[in-house]
Structures are given as structure tokens and as C-alpha cells.
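First up is the structure itself, then whatever we jot down about it.
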Amino acid sequence: MVIGLGSGQASAMAIKYLGHQIRAGAFKHILGIPTSVVSASEAAKAGIPLGELGNSSQIDFAFDDVDIIEERTLISVIGCQRLQGEESIIQEKLVLSMADQIVFMVTENQYKRGLEGSIPVVIESLNWLETAEEIDDLFLGDAEVWRRPSIGHADPLGGDFPLVTSEGHNILDVIFTSPIASLAEVAESLEKVNGVVEHGVVSKFPCKAIVASESGLSIVDNIPTNAVGGV
């Protein structure tokens, strides 16, 4: 079985558990495809055999942390906080898109309607300002557009040291100042902008989400009338 290994705190715990089960002989013939440098490191420490994304045409199952997730649709956003220069929204989304089955892991306050927060957008570094201005015009009055810095404090221009991804791109944070009515519509609008390479919105159907709250865990899916333990 080929498993996409997510990034984040919950994914790290899942990777550790998976490694324990492999060592105990409960799971056999497992190959992990990491979504990030961090998840690759966690998997190596856990003793999970790793493969390369380019050598796996199909992934049976994947799990991942997400930053926010839209109630009912389970459309989610990745890359808001943990992304560093060596990480890749592009790689993470590619692993998720190739998986037959996906489980997202979130806390109760990340699972809601009328989402607030930011959406990361990977853009070509050349002529980045024109791309940023077009996105700013697209969401005029509803969001601010800042280029993400590699160090120091963020500002609209990204400071003197803008973050450069492993693929050589910049990242814009589209910071919404009002609730996001539809993540699907935001994603569709961003994909039409020249210079946009990728964005942090992940849409997968069908998929499941594990929602953690003080009262325990709930499992929900985005198939109508088929939810278990709804929140």
C-alpha cells in the first residue's frame, strides 16, 4: 500500500504510529510518499520505507493536517503557517491529488462555515508585483495581499528578504478581512490570474475529516447524507 504522509502536528503523530505498527509487524508492504521535507524526516525516524513522488503513479491513501476546512464541502486550506523555504505547497497538493482516499485532520475551531484567515498563493517571482496587484483588485475591499517574508516581519512587499520556495517562487498571503463565502469560488478566481502557479486551497471529492474537540473525535465526509458523528 502506498500512503501519502502529511505535514503538521497530527500527521507527525500518525507517522510515528504507522512506524510503530510496521515495526510490530501489524502492517506490511507499506511505502510512504512524503508531502514535505519535514514529513520525510519524521518517516525516516519512524522506520517507514519511503518512495519518490515521481515513481508512484497512484497513492492508495493519504492523510494531512490542514489549516482551515470548510464545513460540508471539506474544501480546505494548507500552507498558511508552517510553510518554510524548503517546503512546497505544490508537492503537498500533488500528493493529495494522486490519492484514492484522503483524511484531513483538524481541530473543532478549524472546521466551520464562513471561514476567516488567509490563503497562500504561489506566484512566479518575476513580475510578482503585477500579479499581487491583480489579486488585490480581484478581492478589493475583502482582502489584503502581502508577500511573505523569509525573515522578519511581513509587510505588503515582503520586506527586504521575501520567501523563495524550493521551486524558486514567491508566496502571497491573501488575508481576508471578511468571512470567505466560498473557497471553491476563491480558488477558481485565483487560477485565472496570470503569474499564479498554485494556491493553498485543496478540493477533493470524496474525502473525510477527523475533527478533534474536547469531547472527542468526530469523522465527517463530504458525501451528502452520509456523516458519522457530525460536529
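The values are calculated or read from the model by the stated rules, or taken from the named source; none is laboratory data. On a predicted model such as this, the values are computed, not experimentally measured, just so you know. Positions of Cβ are generated from backbone atoms using ideal geometry, with glycine treated the same way; all protein chains shown enter the neighbour counts. Only protein heavy atoms, including side chains, enter the accessible area calculation; ligands, DNA and RNA are left aside. Shrake-Rupley method; radii C 1.70, N 1.55, O 1.52, S 1.80 Å.
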> What net charge do the residues around Ile102 carry, taking every other residue with its C-beta under 15 Å from that of Ile102, with Lys and Arg at +1 and Asp and Glu at -1?
Replying inline: -4
> For the chain, what is the accessible area per residue in Å², given a 1.4 Å probe and the full set of protein chains?
Replying inline: 51 Å²
>> Counting only protein heavy atoms and a 1.4 Å probe, tell me what percentage of the chain's accessible area is made up of carbon and sulfur.
In response: 54 percent
> Looking at Ala209, Asn170, Leu140, which one has the Cα that reaches farthest to the positive end of the dipole of the stretch 64-216 (charges on Cβ: Lys, Arg +1; Asp, Glu -1)?
Replying inline: Ala209
> Which whole-number percent is the relative contact order of the chain (Cα, under 8 Å, 6+ apart)?
Replying inline: 20 percent
>> Using a Cα-Cα cut-off of under 17 Å, which lysines could be cross-linked to Lys45, ignoring same-chain neighbours fewer than 8 residues away?
In response: Lys16
>> Through the Karplus equation 6.51 cos²θ - 1.76 cosθ + 1.60, θ set to phi - 60°, convert the phi angles of the stretch 118-130 into ³J(HN,Hα) values in whole Hz; use x for Gly and Pro.
In response: 10, 10, x, 10, 7, 10, 5, 5, 6, 6, 4, 5, 5
>> Which order do you get for Val202, Val37 if you rank them by accessible area with a 1.4 Å probe, largest at the top?
In response: Val37, Val202
> With a sphere of radius 11 Å drawn around the Cβ of Ile180, what net charge do the other residues whose Cβ falls strictly inside it have (Lys, Arg +1; Asp, Glu -1)?
Replying inline: -2
>> For the chain, give me the percentage of DSSP beta bridges that are antiparallel, rounded to the nearest 5 percent.
In response: 60 percent
